[in-house]
Each structure stands twice: as structure tokens, then as C-alpha cells.
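The values are calculated or read from the model by the stated rules, or taken from the named source; none is laboratory data. Not measured: the values here are computed from a predicted model. FYI the Cβ positions are ideal-geometry reconstructions off the backbone, even for glycines, and counts take in every protein chain you see.
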Amino acid sequence: QVQLIESGGGLVQVGDSLRLSCTSSSRAFSAYPMAWFRQAPGKEREFVAAIAYDSSKRTYADSVKGRFTIAKDIAKATMSLQMDSLKPEDSAVYFCARSVRFTISTDEDAYNIWGQGTQVTVSS
């Protein structure tokens, strides 16, 4: 069994930065793409960023491109999301997930293992 655990969320002001982390056993990071999704209260879950199993390819939602950076460290079994220039619309619960497919995807149906989420709140 694989469990993903997110951390690093918090309450910040507009323009601040946060770094989210997702940790698990190496099995969760070694062979398949992984991604970050987010969900605000009353809203549908939306794609944020994804990364290939070997970090050879990265994909970002247009709303975060240029501000967020996704990365993986296989040796440490850690995936991160560096978030800069945060905006109020970035406020949400952020989830990490592992794909069941061999190529990266923006579709949540491609991911079968999910963490419980970490809250990010950006005040204005």
C-alpha cells in the first residue's frame, strides 16, 4: 500500500510564497507520473501541475504557469510545489496524486492514489 502525505500549507498574504511537500515510500515516486490538484470550497477539483516519473517533462495549468514549480526527489521520496506570487484565487486544499498511466495527464481520472490535502489560504 502507498500513502501520500502533504504538508507546508498555511495562511499567507497576497504576493507571498509557500512550498508544499508530498512524502511517501519510494514506490510512489519511482515509476509513474505524479501531480498536484487543488479544490476550493464549493468548487470542482482542478489540475495544477504534473511531472513525469523521471522529471523529464512538466505540465502546468495556465493559471499558475510562471509562478509555480513542481519537482521530484526520488532519493528522498518527496515531491514539491514551490508557489510564488500567491494570489487570493490560489486559496484551496492542495492534493498530491500518483498516476496509473505511463504518461503525464491533467485528468484527475488518471490518478489512483491521493493524499488527504493541505490547506493554502491567501488573504488580500
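How do the strands (runs of 3 or more DSSP E) wholly within the stretch 1-106 filter down when requiring 3 or more residues that are under 15 Å from the mean Cα position of the chain (by Cα) and more than 16 Å from Thr118 (Cβ to Cβ): which remain? Strands (runs of 3 or more DSSP E) meeting the threshold: 46-51, 58-60, 68-73.
How many residues are assigned to a loop (DSSP other than H, G, I, E, B) and among the polar types (S, T, N, Q) if we restrict to the stretch 107-124?
Of the residues in the stretch 107-124, 2 are assigned to a loop (DSSP other than H, G, I, E, B) and among the polar types (S, T, N, Q).
Got at least one residue in the stretch 73-95 being in contact with a Leu (Cβ under 7 Å, 6 or more places away or on another chain), surrounded by 15 or more Cβ atoms within 10 Å (Cβ to Cβ) and modelled with pLDDT under 95? No, because not a single residue in the stretch 73-95 is in contact with a Leu (Cβ under 7 Å, 6 or more places away or on another chain), surrounded by 15 or more Cβ atoms within 10 Å (Cβ to Cβ) and modelled with pLDDT under 95. Within the stretch 1-35, the set of residues being modelled with pLDDT under 95 and basic (Lys, Arg) comprises Arg27 only.
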